[in-house]
Structures are given as C-alpha cells and as structure tokens.
Amino acid sequence: MLLPRFEFHEPATMEEACRILGELGEKAKTLAGGTDLFVNMKKKELAPEHVVSLDRIQSLAEMDSSNGTLRIGACAKAVEIAESDAVQKDFPALKDGASKLGSPLIRNLATVGGNLVSARPAADFPPPLMAYGAEVVLKSSKGERTVALADFIEGPGQTVMAADEILESILLEKPAPHSGSAYLKLGVREALEISLVNVAVSMTTDGPDGPIKAARVVMGSVGPTPLISASAEKTLLGKKPSEALFLAAGEAAAMDSRPIDDFRASADYKRAMVKELTRRALAQAYGEI
C-alpha cells in the first residue's frame, strides 16, 4: 500500500521546525518514529500535504534527570526509556509501559511523543505517565506552554495541541520517599497486542508502615481517554495498605471505568479486569515501598 504524495521537511532545530509548522498549519504533520503516522497515511486516514521530520533535532531525543525532575524528549524511543537507569530506578511503571509497547522492532522506532499525540485509548505510555502526574511541554513560534498530561488528551486521536505546536518534552517529578508504582496490561497475546485493559498506579505512604498519603489509579482502554479513578483514590487515602483495601480500590476503579462491548471483549469482562488489574498493581506497587 503506497503512501500519498507529500512534501518532506527536515529541520535541524526546534526554531526551524516551529517556523515551518507556523507557516503550514493544518497542511502539515510532524514525523517522529512514524509507527502511527505512516500506518494511518497508508490506510488513507491521513493525507497531509507536508510531513515535518523531527529526527535531526537532537534535543528531542535526550533525557535528563537533574534537579529532581526527569525530562524526556518527545522523540526518545520506547526502548531507550525502558533501558534508562533513571526510569528503572524511580519510575518502574513507566519502564513497564515502555517495555510492553508493541514488538522489539516497534520499540526501537516508536517515540513517547508520538504515542501521546496519537491519543489512542489503548496506548501504553499515557497511563503510567499520568500516574506520576506528568506534564507535557508544547512549543510553537509564538512561545511555549506546559499542560498536565491528564488534560492533554481530549478523545480518541484528539489532543489540546494547536496545529502549529510541537510536543517538545515530558516532565516528571521524582516520586517522594516510600513510593511505589506499577503498570499492568491485559491482552490476548504477549507481544504486538492492543490492550484489552491496562492499569497504572502510584502510591506513597507516610513512612514504611504508615497509611497511604497519596495515590493515583489510571485506567486505559476502558474509556475514550485514559481515566483517573477518583473513587479508587478516595478509597485508598488515609488507609493502611492491605489486600482487602486493594480489592476495595479495584472495585471502585471498575465502577469508574467506561468500557464498551467490542470484538475483543465485552464491557462486563473489561470491567472485571479493571478490578483485578488494579488490585494486582496496587499490591505490586506496595511491595516496592
């Protein structure tokens, strides 16, 4: 299947890329790994007149963990994130999300920015990043703005990005002491699988044996966007961690989910899996504290 015709641009700096997008607007699409863009172009779902490659902009592929904040360039590959020492040490749920994205070949091409901008409900990166309270930095020729990832994705394939903006980086604050996190994904196969359900959690306790003072439960593939379960968080806060508490939080998360029946599974099955994956993920996160 052939790609539609387009004009190719390869800027070397963010300033040049922003200028090109500012001039072309809706006529252009940015290219990072290409694992989503080229597929959609071949399927005739997208037909941009211009494609702007970000591959030559070195800063977009870099990661920096200084000053208590992890900055991930939007063009960092999934495999690079999974193998990062800083990610493995402080953000295990993100490491798991990056490790479970597609196949080894796809992980060597797919970028975190592309995964976020595609805004697919079953995507692997958004839930763990949202569990850590991630923010995204958007740049254009007019300036830059920072947006909470929880507010970035508006619906399937839809984000708050303007046509002239580029997702430049993702920012994560280092978790507080006595914190744990986990990401679990359910699919029919081990690899190249679109999630039936995925769940990411983060948890911080007041000391090694204290009650939970911060928690977040994020569910993917059970709504038009990744969903934060406010009910699960309310269930967890102020309580001593236990299997019974994690089960109750799983039940609360299932109530907050909004799955639909499709060819992969029924809504009832997905809701039941939200409950179970949330319970397991919370137990796994607690085991890291």
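The values are calculated or read from the model by the stated rules, or taken from the named source; none is laboratory data. These numbers were taken from a predicted model, which means no experiment stands behind them. Note: ideal-geometry Cβ built from the backbone for every residue, glycine included; neighbour counts use all protein chains shown.
Key figures
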{"read-out": "Condition check for L46: buried (at least 20 other Cβ atoms within 10 Å of the Cβ), farther than 20 Å from P128 by Cβ and hydrophobic (A, V, I, L, M, F, W, C)", "value": "no"}
{"read-out": "Qualifying residue in the stretch 126-139 (condition: of a type in the set (F, W, Y) and touching a Pro at 6+ places or on another chain (Cβ under 9 Å))", "value": "yes"}
{"read-out": "Pairs where the first residue, in the stretch 104-127, is assigned by TED's automatic domain parsing to the domain that holds G187 and part of a loop (DSSP other than H, G, I, E, B) and the second is basic (K, R) and at pLDDT 95 or above, C-beta under 7 Å, 6+ apart", "value": "none"}
{"read-out": "Every residue from the stretch 53-80 that is β-branched (V, I, T) and either more than 19 Å from A119 (Cα to Cα) or touching a Lys or Arg at 6+ places or on another chain (Cβ under 7 Å) (or both)", "value": "I57, T69, V79"}
{"read-out": "Qualifying position, being at pLDDT 95 or above, within 30 Å of S141 (Cα to Cα) and either among the acidic types (D, E) or more than 23 Å from the chain's Cα centre (by Cα) (or both), among R19, R71", "value": "R19"}
{"read-out": "Residues that are of a type in the set (S, T, Y) and in a helix (DSSP H, G or I), drawn from the stretch 224-281", "value": "S231, T235, Y269, T278"}
{"read-out": "Any hit, the stretch 276-287, residues being more than 15 Å from Y183 (Cβ to Cβ) and either charged (D, E, K, R) or within 21 Å of the chain's Cα centre (by Cα) (or both)", "value": "no"}
{"read-out": "Residue check, L46 within 22 Å of A182 (Cβ to Cβ) and assigned to a loop (DSSP other than H, G, I, E, B)", "value": "no"}
{"read-out": "Residues within the stretch 165-179 that are surrounded by 24 or more Cβ atoms within 10 Å (Cβ to Cβ) and among the small types (G, A, S), tallied", "value": "1"}
{"read-out": "Residue within the stretch 220-229 that is of a type outside the set (V, I, T), out of contact with any Ser or Thr (no Cβ under 8 Å at 6 or more places or on another chain) and either without any contact (Cβ under 8 Å) to a residue 12 or more places away in the chain or over 23 Å from V274 (Cβ atoms) (or both) present", "value": "no"}
{"read-out": "Candidates K89, K27, K100 - the one that is under 24 Å from R216 (Cβ atoms), of a type in the set (K, R) and touching a residue at least 12 places away in the same chain (Cβ under 8 Å)", "value": "K100"}
{"read-out": "Residue match in the stretch 21-41 (condition: of a type in the set (S, T, N, Q) and part of a loop (DSSP other than H, G, I, E, B))", "value": "yes"}
{"read-out": "Qualifying residue in the stretch 152-165 (condition: farther than 27 Å from T30 by Cβ and either assigned to a loop (DSSP other than H, G, I, E, B) or not assigned by TED's automatic domain parsing to the domain that holds P259 (or both))", "value": "no"}
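For every residue, the table says whether it meets (1) part of a loop (DSSP other than H, G, I, E, B); (2) touching a residue at least 60 places away in the same chain (Cβ under 8 Å); (3) over 21 Å from L277 (Cβ atoms); (4) among the aromatic types (F, W, Y).
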{"residue": "E144", "(1), (2), (3), (4)": "no, no, yes, no"}
{"residue": "E168", "(1), (2), (3), (4)": "no, yes, yes, no"}
{"residue": "L171", "(1), (2), (3), (4)": "no, yes, yes, no"}
{"residue": "A176", "(1), (2), (3), (4)": "yes, no, yes, no"}
{"residue": "K185", "(1), (2), (3), (4)": "no, yes, no, no"}
{"residue": "M203", "(1), (2), (3), (4)": "no, yes, no, no"}
